[in-house]
Every structure is written in C-alpha cells, then in structure tokens.
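Take a look at the structure below.
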Amino acid sequence: MADQSSSQYIITNNTDVALLDCREAFAGLTEKEKLYAHHLAQASFKGGLIVLFQTSPESPGIFVLLQKLFGVQSPEEVSTLALTIGFSEEDVKAFLIYAAAFYCNMGNYKSFGDTKFVPNVDKEKVERLIKSSKAFQENNTLLQSLWDLVKERMFSLENGQAELGLGDMGTTTYYSANCTENDAKIAQEFMTSKEISPYNTRLFKTKDPESGQDVYEVRMAAVQSTKSEVPGYDNGSVLGDFLFTPHDQETAVKFKVTRGDYSALMGLVVEELENAREYAANENEKNMLVEYIKSFTTGSLPAHKDGSRFWIKNKGPIVETYIGFIESYRDPYGVRGEFEGFVAVVNKKMSAKFAQLVENAEHFLAHLPWPAEYEKDTFLRPDFTSLDVLGFGGSGIPAGINIPNYDDIRQSEGFKNVSLGNVLTSGYKDTKITFLQEEDKVLYTKHKITSFEVQVGLHELLGHGSGKLFNEDSEGNLNFDVNSVTNPETKKKVTSWYKPGETWDSKFSTIASSYEECRAECVGIYLCLLSDVLKIFGHTDDTADDIIYVNWLNMVRAGLLALEFYSPQTGTWRQAHMNARFVILRVLQEAGQSLVTVKKIEGEDGKPDLVIQLDRAKIISVGKPAIANFLRKLQVYKSTADVEAARKMYSYYSDVNDQEEPKFLHLRNIVMDRKQPRKLFVQQHTYIDSGKVQLKTYEPSASGLIQSFVDRFPSSDIQEIVCGLLEKERPYF
C-alpha cells in the first residue's frame, strides 16, 4: 500500500464514478443520425488510443495487459479471484479503481494535473493476480512479456517519472527521452521556417551512424509512411532531409521530416470516418469528413484546417463532432496537440440560451477593458450549442470547448463553441465542499452548477472568442494601422506583432495554454457582472447577485485548490487551467482592501484547515477594476506578441512562495491534506445489432467503467496493433 509521501500518486478508493448519461438525447435521433453518431464515436475512441502513445512509454503495455485480463474474466470475476489469492477487500477496490482511472485518463498520468498514479496494491500481489488469471493461462508468453515490460515503471515514482515534463523535469513521449527543451526550441524554429505545424507531430533525436551528429526526426501522424509529397502543403516538399542553422548557432543541424506515426491506429480512424460519410446530413458534413480523412491519411494539417472550415459552416447540426490533434496542454513545450475526438447530441433548451448570448455578443464585447483596435474587426458569430456527450475519446473530458485552435481561421473565418451539458450536471457536483464558510457552502451548493454554466458560456464565447492578433503576412501587409494604433500600457505606437509563420502557440509556447485560459477565465468573471448577461440565463434580482457571488467565490476557491497542481520540486505548474486560477487569486489578493482573505484555522477534526472569505460588497468596487486592469494587460501583450512582458507578468503571479502572506507554499500542505478525488466518467457504448444502433449503459462504478472499455475494444486485433506500435517505440524511451 502507498505511504503518506506517495498518497498524491494514488487514486483513492472513495473516488466517485459518474455516468455521462445520453439516453434521452440518443433516443431522439433518427436511425440515420444514430449510424452517423455511432461511427464517429468509434473513430473518436479508436483514435483516443493514440493518447496512450502520447502519455508514457508504459501506457500502451498497461492498456493491453488490462484488456487481456478483463477481456477473459469480468471485473467481478477478477475481484473474486483476487480475494482467493490474498487480496483484501480494500486491495480489490484499489486495483479496480486504478484500472478504471487508467482507462478514463488513457494512460497512467492524470489528464488534469499530469501527475502519475500507481496502484495502491503491492506489486507482488498484482503480479500474483496476473499469473493466476485465465488470460495468463491462455497466453502466458504474451502476458509475461507485457508484465515484464511495464511492472517497474507501472509502480515507479522515481524522479523524472512522477509527473509529465521534458528532459530532467519529467516524462513525455511527445519527444524521445534524450530531448531537452532546447531541442524542442530548435525544432520549433525549423518547423516555423518550413511552415510545418507541430500539432500532429512528435520529435525524436537520434545519431547519424556515420558522423555521430544529432539528427532530429519530425514525425507526422498519418496512415501513409512513404516519402511522397503531402497533398495540402503549399510547398509540396515537406517530407525529406534538411540542413538547418538555428539563429543562435553557427553550424547546421540535420532534420528528417517523416510521416506514418501511429499509422495503424490512424487507419482505424479513417475507416470509421469513411463509414460515417455514408450517413452525413449535408454537404458540409461530407466535405468535412473528406478533408479529415485526407489529413489523417497523409499527415496534412492544411487538410485538417480545411475540414475545420467546413465544420464551422455546418451550423446547428443535431449530431456534433470534432476530431484530431487539438489541445497542446500536455506537451511540455506547449505546441503539439493531443488526439481527441467527440460526438454529442444537441440539448435544444440550453442551446437557445447560448444562441441569445451569441446574438448579443457585440454588445458584451464592447464592455471588455481594451481599446476597440484590439478587438477583431468583425465578430464572426459562431455556433454555440449545449451538447450531451455520447462519446469522447482522449485523456479527459472538458466542460466546454472553443475550437478550432488555428489562429488564422479563428481571426478571420470563425469558430464554434460547445458546452457539454451532461459533463456539467454529472461531473461538477461536489460531494464535500472544502475551504468555505458555512453560509457560503449553502449558496455554493445551490448555485454552483448554474453559475458555472454562465462562466463556461462567457469563457468559451467571449473569452477564447475575443481579441485580435496583430500580424504581418508573407507580403509584408499588416492587419492593423501601425501609425494610429497605440499600446494602452506604454501610450506609444505598437512596435511588435506576429511575423509570417508565427502563431500564438509557437510564439508563447510554454505559457500559451495557461495564459489563454487565464484570459478567458477573467473575461468570464468580468462580464458576468452585466445584468444583461445574467438575464439571458434566467437570473434576475437577488438570484443574479448570488450567481455573481458564487461565480467569483468559485474562482477564488479554485485558485486555492490549484496549489495541488503546483510542483515544489520543479517549480512548475502541471495544469494550465489551475495555474490560471491561481494567478487570478493572486491578482484579487493584490487588489487589497480585504476583498479576498485566506485564513488558517483549526478544522473540526483538529487538523489545520483553511477558510476563504470574499467580500461580496467589494466585488464591483475593488474586484472589477483589478480584473479589468489585469485583463487589459493580458490582451495587449497577446495582441502585440510581446512575449517578454507577458512572461514577466505571468511568472510573477504564478510564483508560489513563502516570502509574503499568505504563505502559499505552506498553505499547499493543507490543501494537499484535504484534497478531494476528481470524478471519473463512465461513458455509454454504441454497437450495431441487426443493422440498428443500440446503446448500452453501465453502472457508475469502477467495474462499470472497466467493462465499458472491454466492450468498446472487444477485438484482439486492436491489442495487436497497440503491441506492434509499442515495439517500434521502445528504442526511443
């Protein structure tokens, strides 16, 4: 069993499992829509297996081991077996919750927080279980080899393996084990020069056998692996060997650009997308899938961008979907995308509220605290829908999404927002509320979900959807008037902007994700103060004031809870959103006048505890101007590509230390002692029986979650594909 020092690296037995219930929404679909949704869900889940290879060297092997174990014997049968060979009841629960968490995170690192989790059962007991299982009896050679491959790292919490990171800072499989942050920087400079997007790539460093010189291989995810041209790239010669001289070096370095990463899994995704095309509702959906298929087959990011363009044009679909290498949160350098795919069904009632928010967007945007020149020339009204998730393949399921993440499309062509309704209702109910006064707990319990709906709407639509990037195109044209636009911070003319080939992610790299989440969160709490916003969501009079208070209180509390996701050993943040919320807490504390206080008290159990106090009477007079001032700086630095000023400011507010009150590094110990486990989601499963799509549901438990994955991947073919890819990966990690 884990000791106290390793307790943050286990999934506790009291972890709740919530069902993402989509039965009512699914029942309302036509047979054609159900078939479309089914194949998209299959594409999402099969593509989600790629995340195993993006998380850790051992994750693919653990996946196959668990699939073999539970594929032959059900979770209940495995539990019974475990009890006969020396497991206690708690051991059984611990092993099942580990397996459930592994499936839910698509790997053995938390998707929210990036720390490793290990079984809270002795390694010897797990080995005994593996070797006593029917799966081992049926194929002892394979099971033994898998166990030998993963058993050390599966339980290891050594330095460099306890959390995700690059080089000496942790584990990553976006880069070969010998890569450093400097290697990532050199590769990004090379890729920018060739106009290659890093989203669907990984970086591997090897040695030239003749010269002994380092060779960087940029691998694109694709079905095809031959060295033909990649359709969709303007230069047509992306693949091949290159010599490149970084700007701060005198000697050139060798680069190879190849494709075919995750080839077999990409093939499974393409096959399901081809199936889905037959049931598409309109030409936009068909064209979208054609471009995605082209992208996943050839590795062309421009093709995926074209697919995203058709996706944006597909307004108000009954079945919504998006798939690809999307978010860069877990790449330690902040530029490579993790695979995810989802399919969901529209919730018409909540979507009507979001539609009103879109209708009034220009009015609300005018209230944001930056000059009009820093806002997009034209607000491109997006689709904004509330969806019930039917299938989400990847490492974790968010409450809301604003996509695509391609800057050029978002700035000039548009985007979409989605709020995932059944995630909100099932995943954001607190079983125990910490760090609040008793009277606040009552209001918090009553209004948390409804206030969070408001925050998600504002965060996605007017947070991520706002703001202009000043850039220069390849012909030297600027998208702003350099002679008239001034920097409101310096009162001088703008002197910096994005040069050709530069993007938000490539320019701001390691801080980009958290900085942008912070900007969006600030927009949410700032604009929720508008009565017109709250009326759209049905909140008026005293209820509106309570919604504002709970929304701000939730943000402040989240800033304190965020300390769990800070690593004192490395001085780094492991989760973009939580870093952002801590920064907002610091900004509000800095505003003074006792707007926010964090007090240390003695808890009911006699142990040290904390209580947060937010003076609701000062939210408008003190909190609003503080957030306005900070938010303006965030946008100005982003618009003008002022990385130096942005890093300086963001690093200051991100700093966790004991140099001044409240001593956050000390408070972190109390936060860790009282942290609550994050919920796991079990999703329903679609399958075809006699030509019709059926929906299978599961009990919200570790066993139910495990069984859902056994049902989702019943074929040994997929296990063989994972094993084959794993064998190719081993030399690099």
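Scan segment 481-510 for residues that are farther than 24 Å from Ser197 by Cβ and in contact with a strand residue (DSSP E or B) (Cβ under 9 Å, 6 or more places away or on another chain) and report the count. Walk me through it before giving the result.
The first filter runs over segment 481-510 and keeps only residues farther than 24 Å from Ser197 by Cβ, leaving 481-495.
Next, from what is left, pick out any that are in contact with a strand residue (DSSP E or B) (Cβ under 9 Å, 6 or more places away or on another chain): 482-487, 492-495.
The qualifying residues number 10.
Return yes when Phe136 is under 28 Å from Trp573 (Cβ atoms), among the hydrophobic types (A, V, I, L, M, F, W, C) and either buried (at least 22 other Cβ atoms within 10 Å of the Cβ) or at pLDDT 95 or above (or both) and no when it is not. So that I can check it myself, show each step before the final result.
On the way: under 28 Å from Trp573 (Cβ atoms): no; among the hydrophobic types (A, V, I, L, M, F, W, C): yes; either buried (at least 22 other Cβ atoms within 10 Å of the Cβ) or at pLDDT 95 or above (or both): yes.
The answer is no for Phe136.
Looking at Val238, Val223, which is the one that is of a type in the set (A, V, I, L, M, F, W, C), crowded, with 16+ Cβ neighbours inside 10 Å and over 26 Å from the mean Cα position of the chain (by Cα)?
Details: Val223 fails: over 26 Å from the mean Cα position of the chain (by Cα).
Of the residues listed, the single one that is of a type in the set (A, V, I, L, M, F, W, C), crowded, with 16+ Cβ neighbours inside 10 Å and over 26 Å from the mean Cα position of the chain (by Cα) is Val238.
In segment 150-175, what residues are touching a Leu at 6+ places or on another chain (Cβ under 8 Å) and among the aliphatic types (A, V, I, L, M)?
Residue satisfying the conditions is Val150 alone.
Condition (residue is in contact with a strand residue (DSSP E or B) (Cβ under 7 Å, 6 or more places away or on another chain), buried (at least 19 other Cβ atoms within 10 Å of the Cβ) and outside the structural domain of Leu705 (by TED's automatic domain parsing)) applied to segment 618-636: is it met by at least one residue? Before you say what the answer is, go through the steps one by one.
Kept after step one, since they are in contact with a strand residue (DSSP E or B) (Cβ under 7 Å, 6 or more places away or on another chain), are these residues of segment 618-636: 636.
Checking which are buried (at least 19 other Cβ atoms within 10 Å of the Cβ) leaves us with 636.
When the remaining residues are screened for being outside the structural domain of Leu705 (by TED's automatic domain parsing), the result is 636.
Looking through segment 618-636, at least one residue is in contact with a strand residue (DSSP E or B) (Cβ under 7 Å, 6 or more places away or on another chain), buried (at least 19 other Cβ atoms within 10 Å of the Cβ) and outside the structural domain of Leu705 (by TED's automatic domain parsing).
Inside segment 85-137, can you point out the residues that are of a type in the set (D, E, K, R) and either closer than 14 Å to Ser395 by Cα or not assigned by TED's automatic domain parsing to the domain that holds Asp148 (or both)? Full working, then the answer.
Step one: list which residues in segment 85-137 are of a type in the set (D, E, K, R), which gives 89-91, 93, 110, 114, 116, 122-125, 127-128, 131, 134.
Listed by number, the residues that qualify are Lys110, Asp114, Lys116.
Just the residues that are aliphatic (A, V, I, L, M) and part of a helix (DSSP H, G or I), please, taken from segment 620-642.
So the first thing to find is which residues in segment 620-642 are aliphatic (A, V, I, L, M), and the list is 620, 622, 626-628, 631, 634, 636, 641.
Across segment 620-642, the qualifying residues are Ile620, Val622, Ala626, Ile627, Ala628, Leu631, Leu634, Val636.
Within segment 411-419, identify whether any single residue is assigned to a helix (DSSP H, G or I), among the charged types (D, E, K, R), outside the structural domain of Ala520 (by TED's automatic domain parsing) and touching a residue at least 60 places away in the same chain (Cβ under 8 Å), and answer yes or no. I'd like the intermediate steps shown before the answer.
Going residue by residue through segment 411-419, those that are assigned to a helix (DSSP H, G or I) are 411-412.
Applying the additional criterion that residues be among the charged types (D, E, K, R) yields none.
No, segment 411-419 contains no residue that is assigned to a helix (DSSP H, G or I), among the charged types (D, E, K, R), outside the structural domain of Ala520 (by TED's automatic domain parsing) and touching a residue at least 60 places away in the same chain (Cβ under 8 Å).
Which of the helices (runs of 4 or more DSSP H) contained wholly in segment 488-581 include at least 3 residues that are under 23 Å from the mean Cα position of the chain (by Cα)?
Numbers: elements: 504-527, 531-536, 541-561.
By residue number, 504-527, 541-561.
Based on this model, can you work out whether Met1 counts as modelled with pLDDT under 95 and either buried (at least 23 other Cβ atoms within 10 Å of the Cβ) or out of contact with any Phe, Trp or Tyr (no Cβ under 7 Å at 6 or more places or on another chain) (or both)? Working first, answer last.
Details: modelled with pLDDT under 95: yes; either buried (at least 23 other Cβ atoms within 10 Å of the Cβ) or out of contact with any Phe, Trp or Tyr (no Cβ under 7 Å at 6 or more places or on another chain) (or both): yes.
Criteria met by Met1.
Which pairs have Cβ atoms under 8 Å, sit 6 or more apart or on different chains, and link a residue in segment 536-551 that is closer than 20 Å to Cys522 by Cβ to one that is of a type in the set (Asp, Glu)?
Filtered contacts from segment 536-551: Phe537/Glu453.
Within the bounds of segment 647-663, is there any residue that is more than 24 Å from the chain's Cα centre (by Cα), over 30 Å from Tyr374 (Cα atoms) and touching a residue at least 24 places away in the same chain (Cβ under 8 Å)?
yes
Could you tell me which numbered condition Ala221 fails, if it satisfies all but one of (1) among the small types (Gly, Ala, Ser); (2) modelled with pLDDT of 95 or more; (3) over 24 Å from Val253 (Cα atoms)?
(3)
Which one of these is surrounded by 15 or more Cβ atoms within 10 Å (Cβ to Cβ) and outside the structural domain of Leu534 (by TED's automatic domain parsing): Asn422, Asn487, Asn479, Asn471? Talk me through it step by step, then tell me what you get.
On the way: Asn487 fails: outside the structural domain of Leu534 (by TED's automatic domain parsing); Asn479 fails: outside the structural domain of Leu534 (by TED's automatic domain parsing); Asn471 fails: outside the structural domain of Leu534 (by TED's automatic domain parsing).
Matching residue, one of Asn422, Asn487, Asn479, Asn471: Asn422.
Among all residue pairs at least 6 apart or on different chains, which show Cβ distances below 6 Å where the first residue, located in segment 375-399, is of a type in the set (A, V, I, L, M, F, W, C) and the second is in a loop (DSSP other than H, G, I, E, B)?
Pairs that qualify, where the first residue is of a type in the set (A, V, I, L, M, F, W, C) and the partner is in a loop (DSSP other than H, G, I, E, B), are Leu380/Gly414; Leu390/Cys22.
Testing Asn13 on (1) over 14 Å from Val126 (Cα atoms); (2) part of a helix (DSSP H, G or I), one condition comes back false. Which one is that?
In the conditions (1) over 14 Å from Val126 (Cα atoms); (2) part of a helix (DSSP H, G or I), Asn13 misses (2) alone.
Only one residue in Val51, Val17, Val64 is more than 22 Å from the chain's Cα centre (by Cα), of a type in the set (A, V, I, L, M) and either closer than 25 Å to Lys675 by Cα or buried (at least 18 other Cβ atoms within 10 Å of the Cβ) (or both), so which one is that? Even if it seems obvious, please write down each step before you answer.
Numbers: Val51 fails: more than 22 Å from the chain's Cα centre (by Cα); Val17 fails: more than 22 Å from the chain's Cα centre (by Cα).
From the options Val51, Val17, Val64, the qualifying one is Val64.
Would you check which residues across segment 307-328 are of a type outside the set (Gly, Ala, Ser) and part of a strand (DSSP E or B) and list them? If you could, list the steps in order and put the result at the bottom.
Our first condition is that a residue be of a type outside the set (Gly, Ala, Ser); within segment 307-328, this holds for 309-315, 317-323, 325-327.
Val319, Glu320, Thr321, Tyr322, Ile323, Phe325, Ile326, Glu327 - these are the residues of segment 307-328 that are of a type outside the set (Gly, Ala, Ser) and part of a strand (DSSP E or B).
I need a count of the residues in segment 598-617 that are surrounded by 14 or more Cβ atoms within 10 Å (Cβ to Cβ) and among the acidic types (Asp, Glu). Even if it seems obvious, please write down each step before you answer.
Step one: list which residues in segment 598-617 are surrounded by 14 or more Cβ atoms within 10 Å (Cβ to Cβ), which gives 598, 603, 608-616.
Checking the rest, the ones that are also among the acidic types (Asp, Glu) come to 609, 615.
Total satisfying the criteria: 2.
Among the residues of segment 475-492, are any within 28 Å of Ile536 (Cα to Cα) and touching a Phe, Trp or Tyr at 6+ places or on another chain (Cβ under 8 Å)? Working first, answer last.
Start the filter on segment 475-492 by keeping residues that are within 28 Å of Ile536 (Cα to Cα), which leaves none.
No: zero hits.
Return a yes/no flag: does segment 353-363 have any residue that is touching a Phe, Trp or Tyr at 6+ places or on another chain (Cβ under 6 Å), under 23 Å from Phe630 (Cα atoms), outside the structural domain of Lys491 (by TED's automatic domain parsing) and not basic (Lys, Arg).
Looking for residues that are touching a Phe, Trp or Tyr at 6+ places or on another chain (Cβ under 6 Å), under 23 Å from Phe630 (Cα atoms), outside the structural domain of Lys491 (by TED's automatic domain parsing) and not basic (Lys, Arg), one finds at least one in segment 353-363, hence yes.
Which of the residues belonging to segment 135-157 are under 21 Å from Lys125 (Cβ atoms) and acidic (Asp, Glu)?
Those that are under 21 Å from Lys125 (Cβ atoms) and acidic (Asp, Glu): Asp148, Glu152.
What residue, of Asp248, Asp148, Asp183, Asp168, is exposed (fewer than 14 other Cβ atoms within 10 Å of the Cβ) and modelled with pLDDT of 95 or more?
Asp148
Which numbered condition trips up Gln593, out of (1) free of Cβ contacts under 8 Å to residues at least 60 places away in the same chain; (2) under 30 Å from Tyr374 (Cβ atoms); (3) in a helix (DSSP H, G or I)?
Only one criterion in (1) free of Cβ contacts under 8 Å to residues at least 60 places away in the same chain; (2) under 30 Å from Tyr374 (Cβ atoms); (3) in a helix (DSSP H, G or I) is unmet by Gln593, namely (3).
Looking at segment 306-343 only, could you name the residues that are among the aromatic types (Phe, Trp, Tyr) and at pLDDT below 95? Before you say what the answer is, go through the steps one by one.
Of the residues in segment 306-343, the ones among the aromatic types (Phe, Trp, Tyr) are 310-311, 322, 325, 329, 333, 339, 342.
The answer is Tyr329, and nothing else.
Residue by residue through segment 78-104, note down the ones that are free of Cβ contacts under 8 Å to residues at least 24 places away in the same chain and either within 32 Å of the chain's Cα centre (by Cα) or under 16 Å from Leu705 (Cα atoms) (or both).
Once the filter is applied, which keeps residues that are free of Cβ contacts under 8 Å to residues at least 24 places away in the same chain and either within 32 Å of the chain's Cα centre (by Cα) or under 16 Å from Leu705 (Cα atoms) (or both), segment 78-104 yields only Val92.
So His685 passes all but one of these: (1) in contact with a Gly (Cβ under 9 Å, 6 or more places away or on another chain); (2) surrounded by 14 or more Cβ atoms within 10 Å (Cβ to Cβ); (3) in contact (Cβ under 8 Å) with a residue 60 or more places away in the chain. Which condition number does it fail?
(3)
Which pairs have Cβ atoms under 6 Å, sit 6 or more apart or on different chains, and link a residue in segment 560-572 that is within 15 Å of Lys110 (Cβ to Cβ) to one that is of a type outside the set (A, V, I, L, M) and assigned to a strand (DSSP E or B)?
Tyr566/Trp573
Here is a yes/no grid of residues against (1) among the charged types (D, E, K, R); (2) touching a Pro at 6+ places or on another chain (Cβ under 8 Å):
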site: Val423; (1), (2): no, yes
site: Leu443; (1), (2): no, no
site: Glu475; (1), (2): yes, no
site: Gly501; (1), (2): no, no
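The values are calculated or read from the model by the stated rules, or taken from the named source; none is laboratory data. Because the structure is predicted, anything quoted here is derived from the model rather than measured. Positions of Cβ are generated from backbone atoms using ideal geometry, with glycine treated the same way; all protein chains shown enter the neighbour counts.
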